[in-house]
Amino acid sequence: MQDVLVITEAAAFQIKDMMKQNEEEGSFLRVAVKGGGCSGLSYGMGFEHEPENEDIQFQQHGIKILVDKKSAAILNGTKIDYKQSLMGGGFTIDNPNAIATCGCGSSFRTSTVAGTPEEC
């Protein structure tokens, strides 16, 4: 099975650093989509110790990744990168399935999933 999403080397380096700082080395990285935000859907990333029954598991750059099956359909083909700038750094998420995003860049929707839009 093909990986649901791609994590770049720069993003992997940052994720590993965050794992170390939070004493989460060896944990899974969960990438998920949840309802909310002004366009209806928003991304979530966090650390977990155990996978759920419905999770898809894969590894990239030595990071164990979990994506639930519902999120996987929305995230398929997504690229997660980390960009550094003079104003600091941050993760960027390039999702080919997103047809609309909000001005703040943290919310989106797809042609098949509208989510639950909220006020900005």
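The values are calculated or read from the model by the stated rules, or taken from the named source; none is laboratory data. No experiment lies behind these values; they were computed from the predicted model shown. Because the Cβ atoms are built from the backbone with ideal geometry, glycine has one as well, and the counts that use them run over all protein chains shown.
Table for the structure above
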{"read-out": "Verdict on Ile93 being surrounded by fewer than 18 Cβ atoms within 10 Å (Cβ to Cβ) and either assigned to a strand (DSSP E or B) or modelled with pLDDT of 95 or more (or both)", "value": "no"}
{"read-out": "Whichever residue in the stretch 60-85 is polar (S, T, N, Q) and loosely packed, with under 12 Cβ neighbours inside 10 Å and, among such residues, is modelled with the lowest pLDDT", "value": "Ser85"}
{"read-out": "Enumeration of residues in the stretch 27-56 that are of a type in the set (S, T, N, Q) and more than 21 Å from Tyr82 (Cα to Cα)", "value": "Ser39, Asn53"}
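Table: residues versus (1) at pLDDT 95 or above; (2) closer than 22 Å to Gly77 by Cα.
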position	(1), (2)
Met19	yes, no
Gly26	no, no
Ala32	no, yes
Gly37	no, yes
Ile56	yes, yes
